[in-house]
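Asks: Before we start, here is the structure in question, set down as structure tokens.
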């Protein structure tokens, strides 16, 4: 009896494999459209994460230098020591961004930076898919004062 039991437990039957394949197929039919139909949402989420990262880097810049970069110095002051006033006397060697470059928003546009900002000490925003201020849906602006 022990030998016969061992022979029957060698693998999956064809029926078991077919059931698993059918279940995976059903899951793919229902989940694929939900995952693939959300590229705009994914881009908006990436923009929010980028804005939060830029805001954190700007806060580190301020801790080192006592002020934020001006609008004219821009976000580029996070990767190269800014020229002009006010000077960044304690600018961190290597910059404040991990990749040593200011990334563009998910739609290929530059992030907009204002210091002093209209909504606070600094404003960082992406104008969304259309690259223009305002808009609704995928064209809606994303900003640091609205990001949670």
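The values are calculated or read from the model by the stated rules, or taken from the named source; none is laboratory data. Computed from a predicted structure; not experimentally measured. A quick note on method: Cβ atoms are made from the backbone with ideal geometry, for glycine too, and the neighbour counts reach across all protein chains shown.
Asks: Going by the structure shown, is residue 98 part of a helix (DSSP H, G or I), within 26 Å of residue 40 (Cα to Cα) and under 15 Å from the mean Cα position of the chain (by Cα)?
Replies: no
Asks: Give 53, 129, 47 a once-over and let me know the one that is surrounded by 13 or more Cβ atoms within 10 Å (Cβ to Cβ), modelled with pLDDT under 95 and outside any helix (DSSP H, G or I).
Replies: None of the other options fit; the residue is 129.
Asks: So which of 117, 84 ends up being part of a loop (DSSP other than H, G, I, E, B), surrounded by 14 or more Cβ atoms within 10 Å (Cβ to Cβ) and at pLDDT below 90?
Replies: None of the others qualify; the one that does is 117.
Asks: Within the range 54-74, which residues are within 18 Å of the chain's Cα centre (by Cα) and in contact (Cβ under 8 Å) with a residue 40 or more places away in the chain?
Replies: 54, 55, 57, 58
Asks: Further, regarding this structure: Could you grab me the full set of residues in the range 132-144 that are in a loop (DSSP other than H, G, I, E, B), at pLDDT 90 or above and surrounded by 13 or more Cβ atoms within 10 Å (Cβ to Cβ)?
Replies: 140, 141, 144, listed by residue number.
Asks: Report the residue count in the range 103-142 for those that are in contact with a helix residue (DSSP H, G or I) (Cβ under 7 Å, 6 or more places away or on another chain) and under 19 Å from residue 78 (Cα atoms).
Replies: Matching residues across the range 103-142 total 7.
Asks: Would it be correct to say that residue 33 is within 18 Å of residue 139 (Cβ to Cβ) and either surrounded by fewer than 14 Cβ atoms within 10 Å (Cβ to Cβ) or modelled with pLDDT of 95 or more (or both)?
Replies: No; evaluated as a whole, the condition is false for this residue.
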